[in-house]
Each structure stands twice: as structure tokens, then as C-alpha cells.
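Student: Structure below; questions to follow.
The values are calculated or read from the model by the stated rules, or taken from the named source; none is laboratory data. Keep in mind it's a predicted model, so treat the numbers as computed, not measured. Glycine gets a Cβ as well: all are built from the backbone with ideal geometry, and neighbour counts include every protein chain shown. Ligands, DNA and RNA are excluded from the accessible area calculation, which covers all protein heavy atoms including side chains. Shrake-Rupley method; radii C 1.70, N 1.55, O 1.52, S 1.80 Å.
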Protein chains: 2
Amino acid sequence: MALAAAAGGARRGAVLTPESMNPAIRRVEYAVRGPIVVRATEIERELREGVPKPFTEVIRANIGDAHAMGQQPITFLRQVRARAQRGDRGQGTGTPVSVAVPSSGGGAVPVPGADEGPGAAQRRQGAGAAAVGGLRRPERGWVSPPPGRWHTVTWVSPRPSRPSPGSYSASPGLQLVREDVARYIERRDGVPASADDIFLSTGASDAIVSMLKLLVSGSGPSRTGVLIPIPQYPLYSAALAELEAVQVNYYLAEDRCWALDVAELRRALGEGRRRCSPRVLCIINPGNPTGQVQSRECIEEVIKFAYDEKLFLMADEVYQDNIYDKDSAFHSFKKVLMEMGPPYSETVELASFHSISKGYHGECGLRSGYVEVVNLNPEVKAELSKLVSVRLCPPVPGQVVLDTIVDPPKPGDPSYERFQAEKEAVLSSLAEKARLTQEMFNRTPGIHCNPVQGAMYSFPRIDLPPRALAAAKEKKQTPDMFFCMRLLEETGICVVPGSGFGQKEGTFHFRMTILPPTEKLKILLEKLSSFYTKFVQEFS
Amino acid sequence: MALAAAAGGARRGAVLTPESMNPAIRRVEYAVRGPIVVRATEIERELREGVPKPFTEVIRANIGDAHAMGQQPITFLRQVRARAQRGDRGQGTGTPVSVAVPSSGGGAVPVPGADEGPGAAQRRQGAGAAAVGGLRRPERGWVSPPPGRWHTVTWVSPRPSRPSPGSYSASPGLQLVREDVARYIERRDGVPASADDIFLSTGASDAIVSMLKLLVSGSGPSRTGVLIPIPQYPLYSAALAELEAVQVNYYLAEDRCWALDVAELRRALGEGRRRCSPRVLCIINPGNPTGQVQSRECIEEVIKFAYDEKLFLMADEVYQDNIYDKDSAFHSFKKVLMEMGPPYSETVELASFHSISKGYHGECGLRSGYVEVVNLNPEVKAELSKLVSVRLCPPVPGQVVLDTIVDPPKPGDPSYERFQAEKEAVLSSLAEKARLTQEMFNRTPGIHCNPVQGAMYSFPRIDLPPRALAAAKEKKQTPDMFFCMRLLEETGICVVPGSGFGQKEGTFHFRMTILPPTEKLKILLEKLSSFYTKFVQEFS
């Protein structure tokens, strides 16, 4: 090669080409931000440039991004966040990170720019002057403020040598936040939890990939197999492709409201064992994209199955606050596992994931989440600690907001009423939109939509006529991609084809968020339904 | 296995054990947060619990974490950050994210909690009311504030459908920020740069690992080999272990101030080719842990070598603002490559990395950085876009601060003087501490410290007596780990053994940051030097 360069003749080729690159990365697919979203972005640019379209805006119903759809941030979270991150200099305490809060609580807010809302300030005062925001215990880092009309409080993180949110935190996250997460889990489940089992992360995705990394080993028929639901959230298939683990599909029962059936798990496991070594069972509850909420009985059966078949359980529970169906309730895998007692509670290994991107708050942009590990081998836990240390730490602003979410204002706290009102407004609006989505879709012949019991999506099945399938084939697109692309071009509505999540062969779906404001959602559902009807007519 | 459970007898073993886990993860090492730091954390706890020690605090000189060492955050960055993230509701504009700034600029600050500093507010007003913080162009998302004593400005991110920093950004980062990064690079290098080549990331580490993921392929002798400097920043060895790429070491010349020598690159390449397919050459400039700054001539030679030998260049340039030596200057690989002209400028593939964690600002906790790719195959670039989309987006708060760092106040801007004064104070203090470190270490017989031309660390070589080596062997520690552990136990000083970075066999080093405040650093250097002298006496 050195010779060719010296000769100056033959042009030196590139090192990194589609042919020479990592083939595992080439196999990765991620439909939620796939070709349909690339095209949506182009269309938005065309609209800005004045290209005439039969619509005036693109409605991005492709991703669970609440604020992007106009949902208002929860005031209390933003107040805490702004204050914990402010970090002005020299306001008297000499410490680098200090934030000012009004010393008079409640009522009208005297100065814009320091709006505490009716309660946040009072709450802080009330809880002993040092009680501020989401990090409340003075012995853990909040310094008592000086008196005055306005006072300065200072945030220092748990360790004296780390006085600023501009510092790295400990790699598994701030100890204080891990402890608050453990207490949150204890309140939720009524069983003990320990900060040592909590690892904060850059969103739940990061934690899910870290756990999978630990679990993947072997080659050929002893390569790790991972059971995932179909339909699934495509992070799973993408991570498995990247890690070269073997994907083993189990199908949710669409005709029974996307229920998980242990007989189907058993079938999938048998199929998987013929080509790999299945060691992991992933569950998404509430379901994404499917929106079902699992019953306690079903969870018990799954745990027994994992015990019997020696599978590591990964429970994706990021939608645990998003339950809309009156007859459904969220049961965490941890709670059910612990209540089942020995041998299950002492044996079955579980990793449960949560995130601040969903729920009633939807703080996606901060990238924060966590995993709780249960019954994890201590040496493996040490390996997990080492693995997360290579990336130094999760983003600190997200850790601060996570802390506030797991330890929100309580009844009697001055901020409680406003906080609770905002939270309930979001959740009841989502419940209303879940109902509306199901109802309106099912009014249209050919669209079949299960109840949206939880999460943030509907995943309706659509009947497509044979001529549409042929037209899609001609375009080298899957039929549902063909449908969704046409929908986008003609209405500006951006939804994700079911093939990106997986679906039973010969069935076609799309995933649509229920997040747009109610009135907009109604229009969207009407437009989508009438487009579908027109589409079917065109290809009949 | 189902039978065993049914029988209720044999206890079901764990799925995930040290033996069954991913062996590649077991091989990962990361010394910067390794055993010495674990012990430092324990000692801190012991100190809090009142365990008597010959010192009162642990000094963490193990990691480049400026704020943790007491460096004050840059005021302007914090102001922008707090405002872009505030996001109160209903302050008149009806948009979800709005922040209040005083409408009178300059001079005294009327209300704590809204401290703009002398300039930030004025600057905003002066630049046409819509000029706020780091995101300055009104057409790109800043909404003009209403008039008044205080006014509310509203941050909306570039796309109308994404009105909040609580939303996901585009996966490669906000378009606006990518464009500002491109303009920063153009000002730095005097050659064109394009936003399409910029991918924002969760710290530079994230971007480095993403690029390596693309580059790793093949098996056996055709497995990708990656040339890295020794000593290196251990992210590289950790990532290569995890990705099962082959590490190929080239040694920096300690006796010539850690210079990079192309003859040594050639030797390493030849050695590597006997066991793998070397395709990537990693450079760290300014050096970590070694602190050298490469000359323009050396960079040219490296580029020619990469051209001749068909290597992909990865340039870790996160310390580009940290140059202390009067006779050194930072030259980016991009600039030198482009100035060399064809065939190099049209052919050699380069990825250059930067971060907001270092420089004069040290905003580590936000986790933000970027990679610029040069001459990357367009299809591979599309694969990179896909890969980063699986993790959704880098943290948005960090993107906002990155934008402010690449587009800081300019001469004539109201905030310029304070900003510039703070920046220069940090950098001149670091230069003073770099000089001090070298001088004080070299006064001690047996400690040999090269000039700290740049970055944030010294990496002195220490002579260790044979009896110390024997004592270390008995403890199953490397000699430098043995020294550093004793140093920690007896003085509270936490530094990282050279073996964590790699060093020529038979030589021993440690890495120490130059970040503690000057007076504290002097005491630390004195304590460390006299501990070393005592240690040598003990084992002589």
C-alpha cells in the first residue's frame, strides 16, 4: 500500500465502506426513527420552503414525546431543575452552586423569573429552611440558607469533593438519588429495596443495553438467545442485532387484547433451543407498542416459567404510571416475585427498568432512567459497576429530576396541590385520548384497535386489499410501510409501520401515539380513518 | 430443568454468573474509576464515621473533574443553562418553555435569583430583544419577549413540533447546535465545515465508542486492529476489550517529552499485522495522561502515514483549549489534513472528537460532546445516523451548553468582558499549576516529570526500589498500584497507577490532575514528594 502511494498513481480507497464496516451494525434497524421519519423531516423542510402540500404541518405521532406534542411540563419539576442547575457565583456562601428562592411562600409571585408557584417556596421553608427541591435532607447536601426577603440555598452533591452539577457524579448515579429511588420502589411494592441494587442510566435504553451486554456470550448453538415479545419496542431487536445475540420471538395474542400466554412462551423457547441457548426473557408491561397491562396472575405464571426454564427476567416497566383502564392495575415484577416467596423470590434474577421520559411528566430530553437488579450475583453486580464506570456517569441534570419524580410533593406539602392537579390533568387527558382512539378507529370498517389499557400508543390492525400488497411489492416496500408513506405524503400524519415492531405474518398494523392534544387528536383520527377508507377504495 | 423445579429438590442455579457472563465485559478495565477509587470512597465513609486517619480529607486527583476540585463554573454558561431549562408555565406566551430575564441590562443586579451578571441581559436586549443565551437567531426558535421591567423569553427548539428541552432532539443533535459547531470549527481551522458531518453525543466517550463500533469487523487475523498510544486514556482499551477488537500499542517517547514518533508507529503496525488487520489509528492530542502537545510537523507525518498505510484516523482533541506551554499551539488534524491538499485532503478518513467536560469550563456532569467526520463514505455516514438514532438523542441540556461554548460572547458583546476574564483566569491558573507540578516533582530525586504542555494531568515516572517491587508482588499488586494504594492510605491523596494507562515494562508512573486550587496543589505536591521519599527509604 505504501508503494501505491509513493507511485502516486492508484487512488487510495477508503478504509471504512459499507462492505468493510461492522456487519452487525448494518443489520440494526430502528423503525421509530426510520425512513418514515427521515421523509417526515424532509417534508417539514419542503413546507418551510413553500412547496405546496395538501396539509400545513407534519403531525409526528411516531414517537412517545409528550412535550413535542404540546404537553406542558410539570411546573414543580422545572422549578427544581432550574434551581439545582443555576450555579451562580459569589452569592455569599462561597460555594459554586447556589440557587435563589423566595423566602415568602404561597400566593402571588412577586417577580417573574423567580416564580416558585404557589407552594414550592413555602414547602422549602416549611420543611426547615434546608428543604429544597428534590434533594431535601440537609445532612445530604443542602446547605441552610441565610435569612432575608430572598435567600440563597446551595446545592452540593453528596460528596464534599463534588460540589457542582457540573461535576461527574458517581458512575451508578448520585448515592442520594439511588436511595430515593429505593424508597420509591418500597412505597410502590411494599417490599424492601436497596440503593446498592439501583443503577441510574442515560434513559432506560442505556440500562437495557448494559444488562444485555452482560448476558450475551457463547457462539453457535450456545450463543445467548433472548425472548422478546412480538410486537416489540425495536430497541430490543436493534440491541440484539448489534450485540449479535439471537432474537427469539414470542407472539402476543392480538385477539385477546395482546395478552401474554405462557403456552406461547413455551413454544417460542422450544423453537429457540433448536438454534441457540435462550437465557433471557424480556417483558414490556404496560406494552409498547401494544398498550396492554398484564394481570397479576399472568406475571406469576411468567415468573414460574422463568424459574422452571432458568431464564433471566428483564422487565421493561417504563410506562408504570400510564394506566388508563379502570379494570387494570400496574403490578411490578419485583413485587409479584417477592410476594411469591421462596424458591422464586430467592432465585429468579430480575432487572426492572424505569425512565423519566414517559409517565405524566415526559422529560425525554434529559435522558434519565434506572435499572433495579434483583438476585443478581454479587460478582456480576461488580462487573456491572465496572461497565457503567467506563462512560463515567449518567447526565446529572436528569438525575436531579429523577429524584424529584421518585420523591414528589406529598399531601400536606405546600406544592402538593398544584403538582397533583397538573399530574392528574395529564393522566386523565391521556385516559380520555386512549378511549377516544380505540372508539374512533373501531368505527371504521377494516381498522381493528384493541383497548389502550396503558402506555402511550395504539397499534391498530388494518386490512389491506391484495392490489395494495402488489403495489407495495412493486415499490419494494412492506405493505404497511407503503400505507404509512402514502398517509404521510397525503395528510402529513407520521405513524410507524407495524413491520418495525414485528407482527404475525400477513397482518398489518401501525403504531400511533395518543399524545396530541384532544381536539387535534380527533381531527387526526378522522383524517387517518378517511384516508384509510379512500386508500382501500383506490386499491379495490 | 422443569423437572428439577417440580421435584422441589435441587436448588435452581443463577443464569448470570461470573462464569456464564459475557467474557469480553470481564476483560474490560477502567483504572480512572478502578480499585483505587473504590477504596477512596470507602475511606471517605470511614472519615465521616470518625475512623481516625492521618489526614482529614481525601483529595481526588484521579479524574479530570474541574468543578469537583473547586473550580468555579463560568457564569455565562450557567445563566444560559438555567434559562433554557427553566420552563415555567403560563407566563403570558402560552408556550411551555419560557424563562424570565431582566429587561434592564448591566450594572447591579436588582434581585437575587435572577442574577444576569453585568452583561448577559444587556447583550440580549442589545442584539435585538430576541438574542438570548446560546441560541440566538430568532428565526431559529427564540421568541421575542414582551416589553416590561421583566420580560419573558421563550425557548423553542428548531422544529415547531418540538417546543421544549423536555422533548427528544433529533438523534444527531439539534440542527442549530450542529450548525454552530460547524462555524466554530471553521473559525478554528480556516477551512469549511458542515453541520451534516457533526454528530452530537453523550460526552466524547459516547462518540468514540460509536465510531469504533462501525470500524470493528472480521475474525481471526482479519479482525480489526486499532493502534492506540501507550500511555493511553483507558476508555480506548476498555472499548476495544468490549468490542473484541485487537489493541495494537505504539509507545510515546517519554525521554522526548512523550513525542509521537512515526518510526514507532511503523514498528507497531508491523507487529499488529502479524496478528490482526490494523485499520484504525487513534491519537490523543493534547495527550492524556501525558500532557504533550503535538507539533504541526508531527501531525503531517502521522497523516501521511495513515494515507500510506490505509488507516482510519481517530483524533481525540478534547483538550484543544488546554494549552499551557508558550512554545506549543493546538493544530487540529482536520486543519492540517485540509491544508496538506490532495491526495490527503480528499482521501484520509478522520473522526475528530470534542467535549464540554474539559477546556476552561469543565461541565462534565452534563455529558455532552461531538464528533466531526471527514471524508466518511456517505453510506457509512447513514449507518452512523441510524446507529445513534437507537439511543434517541444526546441529553438536551448539554446540547444547549455546548452551543454556548462553541459560540461564546464576542468582543463588543456586553457579556464578553466578564466571560473572557473568567475564562482567562481559569486557563492562566491551570498554566501556573502545570508549571508548578513539573517543578516541584522534579525537585525530588527519583521522580521524573515531563513538562505539562497541555491537558489536565501530570504523569511522572517514579523509581521504585527492588524491595518495593517484591512487597507489591506479595500483595498481588502491580508496583505502581502498591505505591498509590499506600499513598492513599497514608495521605488521603488519590492518584491513578500508571499501569491503568499502560507504560513501558519496568517503568512506573502515576497520573495526577493539576486541578486542585494552587495552594492546595502545593501542599499536595509536597506531601506526595515527601511520602515518596519516605516510601523509598522504607524499602531500601
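Student: I'd like the Karplus ³J(HN,Hα) series for region B:366-375: coefficients 6.51, -1.76, 1.60, θ = phi - 60°, whole numbers in Hz, and an x wherever there's a Gly or Pro.
Tutor: 7, 6, 9, x, 7, 10, 9, 9, 10, 6
Student: If you take each beta carbon of peptide B:226-239 and count the beta carbons of other chains within 10 angstrom, what is the mean? Each step should come with its number before you reach the end.
Tutor: On the way: counts 0, 0, 0, 0, 0, 0, 0, 0, 1, 3, 0, 1, 5, 2.
For this peptide, the per-residue mean of nearby foreign Cβ atoms is 1.
Student: Work out, step by step, the length gained on full extension between A:Ile230 and A:Arg256: first 0.36 nm times the residue separation, then minus their alpha carbon distance; give nm to one decimal.
Tutor: That pair, A:Ile230 and A:Arg256, stretches by 7.9 nm at full extension.
Student: Starting from the amide H of A:Tyr370, placed 1.01 Å from N in the peptide plane, find each other amide H under 5 Å away whose residue is 5 or more places distant or on another chain.
Tutor: Hits under the 5 Å cutoff: A:Ser201, A:His354, A:Ser355.
Student: Also, I was wondering about something else. Could you size up the charge dipole of region B:175-392 around its Cα centre, putting +1 on the beta carbon of Lys and Arg and -1 on that of Asp and Glu, and report it in debye to the nearest 20? Walk me through the numbers on the way to the answer.
Tutor: On the way: 24 positive and 31 negative charges, 105 e Å.
In total the dipole reaches around 500 debye.
Student: Next question. So for each of A:386-397, A:502-513, A:472-483 I average, over its residues, the number of other beta carbons within 10 Å; can you give me the resulting order with the highest mean first? Let's see the in-between values first.
Tutor: Numbers: A:386-397: 25.2, A:502-513: 20.9, A:472-483: 18.2.
Sorting A:386-397, A:502-513, A:472-483 by mean packing, highest first, produces A:386-397, A:502-513, A:472-483.
Student: Shifting gears a bit: In peptide A:375-386, how many Cβ atoms from other protein chains are near each Cβ within 10 Å, on average? Each step should come with its number before you reach the end.
Tutor: Numbers: counts 3, 3, 9, 1, 6, 10, 1, 2, 7, 3, 2, 10.
Other-chain Cβ atoms within 10 Å of each residue's Cβ, averaged: 5.
Student: Below 8 Å, C-alpha to C-alpha, sequence gap of six or more: please give me the relative contact order for region B:175-392 in percent. Could the numbers behind the result be given before it?
Tutor: Working: 377 pairs, mean separation 47.8, N = 218.
About 22 percent, as a whole number.
Student: What are the residues whose amide H is under 5 Å from the amide H of A:Tyr251, where those residues sit 5 or more places off or on another chain and H is modelled from the backbone?
Tutor: Here the answer is A:Ile230, since their amide H atoms fall under 5 Å of that of A:Tyr251.
Student: Right, something else. Tell me which lysines have Cα within less than 16 Å of B:Lys304's Cα, excluding those fewer than 8 residues away on the same chain?
Tutor: Straight-distance partners of B:Lys304: B:Lys334, B:Lys335.
Student: Let me ask another. Just checking the output field for B:305-311: average partner chain Cβ neighbours within 10 Å of each residue's Cβ? Walk me through the intermediate numbers first.
Tutor: Values: counts 1, 2, 4, 7, 5, 8, 2.
Whole-number average of other-chain Cβ neighbours for B:305-311 is 4.
Student: Compute the accessible area per residue over region A:175-392, keeping the other protein chains in place, probe 1.4 Å, unit Å².
Tutor: Numbers: 6210 Å² over 218 residues.
Accessible surface, normalised per residue, equals 28 Å².
Student: Name the residues whose placed amide hydrogens come within less than 5 Å of the amide hydrogen of A:Phe312, ignoring near sequence neighbours (fewer than 5 apart) on the same chain.
Tutor: Amide H neighbours of A:Phe312: A:Val280, A:Leu281.
Student: Now a separate question. Report, in whole Å, the centroid distance computed from the Cα atoms of region B:178-244 and region A:392-460.
Tutor: Between the Cα centres of region B:178-244 and region A:392-460 lies a distance of 38 Å.
Student: Also, quick follow-up: Straight-line reach from B:Lys410: which aspartates and glutamates have Cα under 20 Å away, leaving out those fewer than 8 places along the same chain?
Tutor: B:Glu116, B:Glu179, B:Asp180, B:Glu186, B:Asp189, B:Asp321, B:Glu422, B:Glu424
Student: Here's a follow-up. Could you give the dipole magnitude of region A:194-299 about its Cα centre, charging the beta-carbon of Lys and Arg +1 and that of Asp and Glu -1, in debye to the nearest 20? Mind showing how you got there, number by number?
Tutor: Working: 10 positive and 11 negative charges, 89 e Å.
The calculated dipole for region A:194-299 is roughly 420 debye.
Student: Let me ask something else. Solvent-accessible area of A:Asp261, probe 1.4 Å, all protein chains present, reported in Å² to the nearest ten, please.
Tutor: 60 Å²
Student: With θ set to phi - 60° and the Karplus curve 6.51 cos²θ - 1.76 cosθ + 1.60, what are the ³J(HN,Hα) couplings of region A:199-205 in order, to the nearest whole Hz, using x for Gly and Pro?
Tutor: Using θ = phi - 60°, the values come out as 10, 6, 8, 7, x, 5, 3 Hz.
Student: Next up: Taking θ as phi - 60°, what are the ³J(HN,Hα) couplings along region A:62-70 by the Karplus curve (6.51, -1.76, 1.60), each to the nearest whole Hz, with x for Gly and Pro?
Tutor: My calculation for region A:62-70 gives 8, 9, x, 10, 4, 5, 4, 8, x Hz in order.
Student: Sticking with this one: Can you list the lysines whose alpha carbon sits under 28 Å from that of B:Lys475, skipping same-chain ones fewer than 8 residues off?
Tutor: Output for B:Lys475: A:Lys381, A:Lys386, B:Lys53, B:Lys504, B:Lys527, B:Lys534.
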